[in-house]
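First the structure, in the form of C-alpha cells, and then the observations on it.
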Amino acid sequence: MHLETVLRQVMVSTLLSTVLAAPARSEACRPEGMAVSAVADVPYCLAYDTAGREKLANGLQRRNIGYFSGGRTGKDGKLRYLVSDIPWAHLTHINYAFAHIDDANKISANETSPGNAATQSEWPAVAAATMDPALPYKGHFNLLNSFKKQYPGVKTMVSVGGWEETGGYYGTDGKRVASGGYYTMTTLPDGGVNHAGIEVFADSVLAFLRRYSFDGVDIDYEFPSTMPGVGYPLDWKFSAQRQKGLQAGYRELMRVLRGKLDGAAARDGKYYLLSAAVPASSYLLRGMETFQALRYLDFVNVMSYDLHGTWNEFVGPQAPLFDNGTDAELVSGKVYAEPLYQGIGSLNVDWAYHYYRGAMPPSRINVGVPYYSRGWREVSGGRNGLWGTSRSDVCPYGVKPPCGLGASGIDNIWFSIDPAGKVEEAGSNPMWHAKNLERNIPADYLPMYQLKATDLSGHYVRYYDDALVTPWLWNQQTRVFLTTEDEQSIRAKADWIVANHIGGVMHWELAGDYDWDAGRVALNGVKGQFVPGSTLTRLLAQALRKADPALSHLSPVAMPTEAVDLAVELSGFALGDENFPMAPTLQIVNRTGLAIPLGSVLRFQYPVSAPDNWLAPGMRVTSGPTGSNRGGLKGDFHTVDYILPSLAPGASTSVQVSYRLPITGPSNYRLIIKGKAFATKQEYPQYPKGSF
C-alpha cells in the first residue's frame, strides 16, 4: 500500500473518530414532552441519547428500579436487608427510601442524629458491608457510594416521603411528628402556594444530593389529590384545609425542583434526575386534574399495586395486569353496567400505564410490581377466594365500614402499626414468606416474628388467572386469601413491558424478593426454604436486556415540522365528589400573532384509558379504539377534532368538556388551517415557527 494511501486512511479515520466522539448538542437529548428549562446548557446528553432515551447500566435496554428501605437493619431482631444484599448487577436505579421533610421544610434522613442508619450505623459482622474509610460518613449512604464504585452506571436516588412520611416524619425516638410535610411545605392554609417553603426544600434537596452523591430525587407525595379522605389518616387535618390548592402547590414544587436541578447540572457537569412515585387508582387520579406536573419529570414510577386491599370487603388481586370484566368492586359500583364507561375497568396495571401514556412517551413511564402480598381472612364466596368477600364493621383507623378482615398472624409478618397504635391486619408479607406458605414450609425465621411452626395451619394452594395475569394463595381450611407475585406473573409483565415499548419497571421493595436455599433447615427439620434474594429482579433484568430500546416519542405518528404559538389547557376542575363527571374547561389562546380563520380545526389526543364519549359542542372523537379493556387496551390514543371560531391575535375561546374517567394531557395538538397542519410551541418549542 502506498504511503499517501495509508496517510489518507489515517486522516479519514481520525476525522471520523473526532466526529463520533464529539458531544451531541445537549438540547437534542432532552426527553420528548419534558418542559424546556429556563436554564441554558442543561447537559441532557450526559444522561440521555439523542433520541431522548436514558442511558442505562448493566446492559439493560429498559429501567429496572428497586426501592431500598433503610429501616431493615436487623436491629429489631428480624431479618435484615442491607445495601450489600442489593442485586446491583441487575438494576439501573436504586431509590433509597425514605428521607422526609423536617420542621424547617428541609430534606432530612435524620442523618445528623446519633446512631442513625443512613450515615452512622455499621455492620462489622457482615463482610460485604465494610465501610469505605474515604467517606466522611458511614451507614447506608457510605455503602451506596462504595458499591457505586463497582457499578458506576447504576444511579442512586433519594426518595422523599412515602405513605407515613408524606405529612410528617419519624424522629430518632421512633415517634411520629405530625409536621405537615409536603402539605404544609407546598400549600398555605388558605390554599395558596407556599413559595417560601418550596424554595427552602428545593435548595436543601440540591445540597443533600451533592453531599451524599445521589444522582437525583424521587418525590413520593401520597397524595396531592383533591379527593377527600386519601393519604395517611393523620394527615387529613392538613390536606383537607388545603384541598383547593394541593395541585397548584404540587406543580410549583416540581417546577422549582426542575429548575434548581437543571441549574446545578449545568454548573456541576452532572445531570440530576427528578422522578415521582405516582398513584394508579382512578379515584385518586380524579383529584389530580390532568397531572400537569408530569412535564417536569424525567420519568414516573407508577405504583400500580394496592389496587385491592382490606379498605373494603372485595377480595381480589392487588396488581392484576389486565381487567377481565368481573372485578367485584367494579361490579358492585355498576361500572360494567353503565354504558358511559364502555366496559372499561380501571383497577389494573394496563389501565394505569395508558393513563400516563396520555402525557408521556412510553420511555418515561415505569410500571410498578409489588414484592409483598396483601390478604384477607374469613373469605366467603368467589372462585378459590378470588372475587369473594370478607366483611367487617370494625375497621382500621380512618377506614369507613364495611371493610375487609385482614389476614393476620403468620399471614401478616410485614405488618405496620396503624395511627391508633394497633397492628394493621392486612396480609402483608414479603414474597419469600408467601412462597414458604405456598409450600407449607415452617421457615426457620418464624421465631424472629414471634411465631412458631404450629402457627402454620391448613393448606395453602397457589392459583393463577391467565386473563388477569395474577397468582394468589388460597387456604380453604382457614379461608385466607393472599394476592401474590411470582415468576409466572413477573415474566408475563416483563413481556408486556417489552412489547409495549415501555420505559421499564420498578419494584417495592427489594427486601421482599426471594431465592430458594436448599441448605436451610426449616423448623420441622426438613432442608430447603425460601429466603430473601433476587429471583424476580434477575428475571426482569434478563427480559429487559433482550428488549429493544423504549419508544421515546409522545405522538404515535409523525408531527408537523412547524409550530405555532397556540396555548391549550384544561382548567377549572371541581373539588372532591363534585368532580364527577369531570367537567373542566378547555381554554384556547391565539398567541400566533395572526388571525385564525373560522372553521380551522384543533386536533388533539387523549388516552384510551378513558372512553371515547367526550361531550362538548363542536367537538367529536374521530378515531381510537372503543369498548371494554378486557385483555388490555388497544392502541394508546383517542383523536378529537374541535372546530374553532375565528380568533384574532391574542383572542381566546373556551368550551366545557365532560368525561367519566380521568385523563392526562390532552397532547399531540395540531392546528389545521386550510389543510395545513402545525404543531404547537407549548409541546414542541424547538420547532421552527410556522406561518399561515
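The magnitude of the dipole of the range 563-680, with charges of +1 and -1 set on the Cβ of Lys/Arg and Asp/Glu and taken from the Cα centre, is near 420 debye.
Reported to the nearest whole Å, the Cα centre-to-centre distance from the range 455-526 to the range 307-324 is 15. The eigenvalues of the Cα gyration tensor, multiplied by 5 and square-rooted, give the range 563-680 an equivalent ellipsoid with semi-axes of 26, 17, 11 Å from largest to smallest. Look at Lys674, Lys138, Lys78 and count the other Cβ atoms within 10 Å of each Cβ; fewest to most, that gives Lys674, Lys78, Lys138. Between Ser213 and Tyr397, the FRET efficiency estimated from the beta carbon spacing at R0 = 30 angstrom works out to 0.15.
Each label was represented as a point 7 Å from its Cα along the Cα-to-Cβ direction; for Leu46 and Ser408 these points are 5.3 nm apart.
For the range 207-215, the Karplus equation 6.51 cos²θ - 1.76 cosθ + 1.60, evaluated at θ = phi - 60°, returns couplings of 5, 5, 4, 5, 5, 10, 6, 7, 8 Hz by residue, with Gly and Pro reported as x. Fully extending the segment from Glu199 to Ala127, taken as 0.36 nm per residue of separation minus the present Cα-Cα distance, adds 21.7 nm.
Under a 5 Å amide H cut-off, with hydrogens placed 1.01 Å from N, Phe573 pairs with nothing among residues at least 5 apart or on other chains. Taking Cβ atoms as reference points and 12 Å as the exclusive limit, the residues near Tyr221 contribute a net charge of -4, counting Lys and Arg as +1 and Asp and Glu as -1.
Between Ser457 and Ala178, the contour length at 0.36 nm per residue exceeds the Cα-Cα span by 96.4 nm. Listed from fewest to most Cβ neighbours within 10 Å, the set Tyr669, Tyr81, Tyr449 follows the order Tyr449, Tyr81, Tyr669.
Taking amide H atoms as placed 1.01 Å from N in the peptide plane, the amide H of Gly74 lies under 5 Å from those of Tyr81, each 5 or more residues away in sequence or on another chain. Would you mind checking the pairs Lys138/Lys175; Lys55/Lys149; Lys55/Lys546; Lys244/Lys681 and listing those with alpha carbons more than 20 angstrom apart? Too far apart for the 20 Å limit: Lys138/Lys175; Lys244/Lys681. Helix-only arithmetic for the chain: the sum of -39500 (n - 2.57) across DSSP H runs with n ≥ 4, divided by the residue total, places the mean residue ellipticity at 222 nm at -6000 deg cm²/dmol. Annotation: amide H-H contacts under 5 Å for Gly406 (H modelled 1.01 Å from N, sequence separation of 5 or more, or interchain): Arg377. Measuring r between the beta carbons of Arg603 and Lys75 and using R0 = 56 Å, the FRET efficiency lands at 0.40. Projected label points at Asn524 and Phe580, each 7 Å from Cα along the beta carbon direction, are separated by 4.7 nanometres.
For the range 631-646, backbone phi angles converted through the Karplus equation (6.51, -1.76, 1.60; θ = phi - 60°) give residue-by-residue couplings of x, x, 6, 9, x, 10, 9, 9, 10, 10, 10, 10, 7, 8, x, 5 Hz, Gly and Pro being listed as x. Residue order for Asp641, Asp486, fewest other beta carbons within 10 angstrom first, comes to Asp641, Asp486. For the range 545-580, the residues whose backbone nitrogen is under 19 Å from a point 7 Å from the Cα of Glu27, taken along Cα to Cβ, are 554, 559-566. Near Gly345, within a Cβ-to-Cβ distance under 11 Å, what is the net charge of the other residues, with Lys and Arg +1 and Asp and Glu -1? Neighbourhood net charge equals -3. If R0 is 25 Å, the Cβ-Cβ spacing of Gln656 and Ala595 corresponds to a FRET efficiency of close to 0.50. Count the DSSP beta bridges whose two residues both fall in the chain, then state the antiparallel fraction as a percent rounded to the nearest 5. Close to 60 percent. Couplings 3J(HN,Hα) of the range 455-466, computed from phi: 6, 7, 10, x, 9, 8, 10, 8, 10, 8, 10, 5 Hz, in residue order, whole Hz [Karplus 6.51 cos²θ - 1.76 cosθ + 1.60, θ = phi - 60°; x for Gly and Pro]. For a modelled paramagnetic label at Trp311, 7 Å from Cα along Cα-to-Cβ, the residues of the range 161-204 in reach, with backbone nitrogen under 15 Å, are 162-167.
Bear in mind these aren't lab numbers, they're just calculated from the coordinates by the rules spelled out. A quick note: this is a predicted structure, and the numbers were derived from the prediction, not measured. For neighbour counting, all protein chains shown are included, and Cβ atoms are generated from backbone atoms with ideal geometry for every residue, glycine included.
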